[in-house]
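Comments concern the structure below.
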Amino acid sequence: MNEKTHPPSGAAEHEAEIWPGGDPNLERDVWRALRACAQLGAASLGRGLRRETGLSLPRYGLLAALLSADEGLTMGELARQLMVSNANVTAAVDALAKDGWIVRRASAGDRRRVIACLTEPARRTLEAIEGIHGKGVEELLAGLSPLELRLLSGLLNKLLVHLERSHETTRQAGKGAGHPAATDAGPLGWGWV
C-alpha cells in the first residue's frame, strides 16, 4: 500500500472510517480541515481572551513568548517564534510598551540590538491569565479522547517536521528567507495589533 492510502500506525478501531482509501481529494480535504480548525480555534480563543482579559490573541501570544524568556527576546527572535514579520512585532511591541506591558533594553553584547522584556506587573498578570488560555484550549479540544489527542499530536508534529525541513531546504537554496509563515497578517491571516 502507498502512504496516501495506508492509515497511520496506531490509528486504532476507527481506521476504516477515518482513512478512506483512494480519495482523490484527500489532501485538499485535510488542508481545508486544518485551516478551518486553526481559524475557528483562534477566533474562539481570541474572543474568550479579549472578553476575560482585554488582550487580543496575537498580543497574548507575544506576551506569552516573553513570559517564557526570562532575559527577553529581540524583535527578530519574537518574529521567528510568532511566525510574523519584524514590522508586525515592532508595531505590537510599541503598542504593548505604551500600555505598560513591555520595556525595551539594549543588548549587553550589541547596543544596536533591542530586547523586549515584560514588566514585573505584566509578568504577574500573565501568570494569572495563562489559566484562562489553558481552559480555552481544553474546551476547544474537549471533543477528542486522550488517544485521539495523542494521535493528532503525533501526526501534526510529523507534518511540522516535514514542513520545517522543506522550508529550510528552500531557504538554503536561496529561494526564501525568514520563517515560512512570516507575513503581515500573521500565520492564520488574523490581524496583529
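Placing unit charges on each Cβ (+1 for Lys and Arg, -1 for Asp and Glu) gives the range 41-139 a dipole about its Cα centre, and among 62, 82, 109 the Cα reaching farthest toward its positive end belongs to 109.
Relative to the Cα centre, the charge distribution of the range 41-139, modelled as +1 at Lys and Arg Cβ and -1 at Asp and Glu Cβ, gives a dipole magnitude of about 360 debye. Rounded to whole Å, the principal axis extents of the Cα atoms in the range 41-139 read 44, 27, 22, largest first.
Values in this text are rule-based calculations from the coordinates and carry no lab data. Please read all numbers here as calculations on a predicted model, not as lab measurements. Because the Cβ atoms are built from the backbone with ideal geometry, glycine has one as well, and the counts that use them run over all protein chains shown.
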